[in-house]
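Notes follow the structure.
The values are calculated or read from the model by the stated rules, or taken from the named source; none is laboratory data. All of these numbers come straight from a predicted model, not from anything done at the bench. Backbone-built Cβ (ideal geometry, glycine too); neighbour counts: all protein chains shown. Ligands, DNA and RNA are excluded from the accessible area calculation, which covers all protein heavy atoms including side chains. Shrake-Rupley method; radii C 1.70, N 1.55, O 1.52, S 1.80 Å.
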Amino acid sequence: MSKEHVIQVAFVGNPNCGKTTLFNALTGANLKVANWPGVTVEKKEGLTSYKGQKINLVDLPGIYSLTSYSIEEKVSRRCVMEDDIDVIVNVVDASSLERNLYLTMQLLELGKPVILAMNMMDVVKERGMEIDNHRLPEMLGHIPVVPVSARKRTGLNVLLHAVKHHYEEEMPETVVAYTEDIEEKISVLKERLKEKYPSLVYLRWTAVKLLENDEETIKEYNLDAPDILDRSYEKEIINQKYDYIEEIVEEVLFYKDSSKEGKTDKVDRLLTHQFWGVPVFLGIMAFVFFLTFTIGDALKGVFEIGLDALLNGSTAFLTSLHASDWVISLVVDGVIAGVGGILTFLPNIFILFLALGILEDSGYMARVAYVMDGIMGRVGLSGKAFLPMVLGFGCTVPAVMATRTLEKEADRKRTIFLTPFMSCSARLPIYVLFSSMFFEEYAAIAAFSLYVLGLVMAVILALIMGKVKKGDSAGSLLMELPEYKMPNARTIAIYVWEKVKDYLSKAGTTIFVASIVIWFILNFGIHGMVADVQESFGAVLGHWMEPLLAPAGLGLWQVGVALIAGLSAKEVVVSSMAVLFGISNINSAAGMTTMTSALGQYGFGAVNAYALMVFCLLYTPCMATVATIKKESNSWGFTLKIVLFQLVLAYGAAVLVFQAGSLLF
């Protein structure tokens, strides 16, 4: 093979085996790394090299087997079977060898070069276990077995060395010897496949899959063999694979100190408890919001000082250039007040994502999905549905994309329908601003209640949808809970930076444009530029909406305009309010006092504020989310149904909150 050849390597492994972390360590790619199944729903590529040899790594979705049910399983299977994949690196969690080796057995049957990367050896040691890394490769057909630590970045060069020197080796197809009856059937099927499909490479693999009655294989390689394929032999084949895996484990895994109960088992007694699991989760999230407000508010003072300096400096600079009043107003009141007002919430956003990153990388978020499995099943959804919903606390776009992990199309659509009810980070500035203004020392509780309300609303709607679609039963969540581990600083730094970068990117694009548009509609009317804002396009539009929003306690034209602007991105509601009320630094103490006073003149109080936050929680998703829903569902009808339903629901809920609140308070 040419020296210029780039070795193509597929990274395959069970969820939570550390595969993507290892991929990051080798390529330096800033991928999202979360500690639950299904986070990588599409293959990602990264280039590295070893002693002059270029190696292209392909990170595949975490899967338990090559039997294709969900989208990520199909992606992984399709990729490893492609001709251009030279070698498969099978990343396994060494502390859970028995479960991980089932996928290894399937990969070996392809006959492609396989390298076993034994990750999490530190957990093996902690649990008083030892693995014979000399006997293990012998029992797996003499494949290379390389101990690595993705977190500690050890064994990486040894792994790349194995890739470079073993990718062209012929591998034995037969590692597991099935019973004589099944082996005879495999031999006959191989002969018939070879005769009918002369170019077929994976003869044994295909024969085994035909015996398992695998739908994908039957579609691609239809073989009329009723004498051999008289029934499905899947159960026998699986059992015999596990019988051999048990032999391997008995021979290579020893000195297990049963007195050393894993820390994970001890902690999980509480965190995954049938009764206490949900209250503990809610308590942890409440603490996260306490930190988001207390630490975030302490840090934002620095940003407020910087914004004030920028506002004053820009005004002075433009005045010294003799810029016209409208240019100064556009730059200072429009762009800087709008974008800068959003940037002052950056400390709150940073603290939120730092806390979520720690929870994810420690292994806790997988427990949340496990704890919620029973609830999701009772409301007619697969337990896996809660995984993308958890992602929705960060951003709804990747959360909608993560529904690809669900096997059933009906489950996918229902989960897409419900995911926007999770409070994404874009809504946090709205919660922070109005909670701080109207609920003061109870601000964190008020904001947290909206996150809980979103969850409750999703569960109620799932229950209603489940009742309507009675015939579509939900499957249970089958997942391996990862070990608890000390969060990796590098992984968390990548995660937080990606989120902060997205936030800054939105501030520099969507919010920037929205601030200019809002400034324009407030300063221009049908007769051109106006001195009185009441004659502007914005006021005309807002006044038209006042009677409609009045029953929800939102009958101010400024609120109507801000809500329309918020369709581009939810943070724009805050930046629009800053521009609409002419407040240069809306998140400062002075800015919030001015805003509270301005709203108070119209009788806008705490009940109105909570109704507004409920409306922002539930109403139509941002444009990026709408576009993603259309792409994932491939249906404009379904997408429009979500848009209109959420708008009507938000209005109804806000009316209910305001009317009930007005009676009670």
Which of the residues spanning the range 570-584 are of a type outside the set (Ser, Thr, Tyr), over 24 Å from Gly394 (Cα atoms) and out of contact with any Gly (no Cβ under 6 Å at 6 or more places or on another chain)? Leu580, Phe581, Gly582
For Ala562, are the conditions met, namely being touching a Pro at 6+ places or on another chain (Cβ under 9 Å), buried (at least 23 other Cβ atoms within 10 Å of the Cβ) and not basic (Lys, Arg)? no
May I ask you to list the residues in the range 74-90 that are more than 20 Å from Glu169 (Cβ to Cβ) and either in contact with a helix residue (DSSP H, G or I) (Cβ under 6 Å, 6 or more places away or on another chain) or open to solvent by 10 Å² or more (accessible area, probe 1.4 Å) (or both)? Lys74, Val75, Arg77, Arg78
Log entry, pairs with first residue in the range 185-210 being more than 15 Å from Leu108 (Cβ to Cβ), second being assigned to a helix (DSSP H, G or I) and open to solvent by 50 Å² or more (accessible area, probe 1.4 Å), beta carbons closer than 9 Å, six or more apart or on different chains, reads Leu200/Lys194; Leu210/Ile218
Could you list, in sequence order, all residues of the range 222-250 that are touching a Lys or Arg at 6+ places or on another chain (Cβ under 8 Å) and either assigned to a helix (DSSP H, G or I) or of a type in the set (Ser, Thr, Tyr) (or both)? Tyr233
Residues being part of a loop (DSSP other than H, G, I, E, B) and either among the aliphatic types (A, V, I, L, M) or modelled with pLDDT of 90 or more (or both) - total across the range 162-177: 4
Expected single match for closer than 24 Å to Ser568 by Cβ, more than 17 Å from the chain's Cα centre (by Cα) and at pLDDT 85 or above among Phe448, Phe434, Phe439, Phe421 is Phe434
Any chance Leu554 is surrounded by fewer than 22 Cβ atoms within 10 Å (Cβ to Cβ), touching a residue at least 12 places away in the same chain (Cβ under 8 Å), assigned to a loop (DSSP other than H, G, I, E, B) and out of contact with any strand residue (DSSP E or B) (no Cβ under 9 Å at 6 or more places or on another chain): no
By my count, helices (runs of 4 or more DSSP H) wholly in the range 269-371 with at least 3 residues that are over 27 Å from Ala514 (Cβ atoms) are 277-320, 346-362
Of (1) out of contact with any Asp or Glu (no Cβ under 9 Å at 6 or more places or on another chain); (2) assigned to a loop (DSSP other than H, G, I, E, B), Asn213 satisfies every one except (1)
Among the numbered criteria (1) open to solvent by 30 Å² or more (accessible area, probe 1.4 Å); (2) touching a Gly at 6+ places or on another chain (Cβ under 6 Å); (3) not aromatic (Phe, Trp, Tyr), which one does Leu567 miss? (2)
From the list Ser320, Ser329, which residue is more than 26 Å from Ala447 (Cβ to Cβ), open to solvent by less than 30 Å² (accessible area, probe 1.4 Å) and of a type in the set (Ser, Thr, Tyr)? Ser329
If you take the residues in the range 498-537 that are open to solvent by less than 80 Å² (accessible area, probe 1.4 Å) and in a loop (DSSP other than H, G, I, E, B), which one is modelled with the highest pLDDT? Ser536
Within the range 387-411, the residues that are under 16 Å from Lys630 (Cβ atoms) and under 9 Å from the mean Cα position of the chain (by Cα) are Thr396, Val397, Pro398, Ala399, Val400, Met401
Would you check if there is a residue in the range 294-309 being farther than 30 Å from Tyr442 by Cα and more than 31 Å from the chain's Cα centre (by Cα)? yes
Could you tell me which residue of the range 269-288 is nearest to Asn348 (Cα to Cα), considering only residues that are at pLDDT below 80 and open to solvent by 60 Å² or more (accessible area, probe 1.4 Å)? Leu270
Regarding the range 580-595, can at least one residue be identified that is farther than 22 Å from Leu343 by Cβ, open to solvent by 10 Å² or more (accessible area, probe 1.4 Å) and among the small types (Gly, Ala, Ser)? no
Given the criterion touching a Gly at 6+ places or on another chain (Cβ under 8 Å), on the phi < 0 side of the Ramachandran plot and at pLDDT 80 or above, identify the matching residue among Val146, Val158. Val146
Which of the residues belonging to the range 611-636 are open to solvent by 50 Å² or more (accessible area, probe 1.4 Å) and either out of contact with any helix residue (DSSP H, G or I) (no Cβ under 9 Å at 6 or more places or on another chain) or acidic (Asp, Glu) (or both)? Asn634
From (1) hydrophobic (A, V, I, L, M, F, W, C); (2) open to solvent by 30 Å² or more (accessible area, probe 1.4 Å); (3) within 24 Å of the chain's Cα centre (by Cα), pick out the condition that doesn't hold for Phe353. (2)
Given the structure, is Lys266 at pLDDT below 85 and surrounded by fewer than 12 Cβ atoms within 10 Å (Cβ to Cβ)? yes
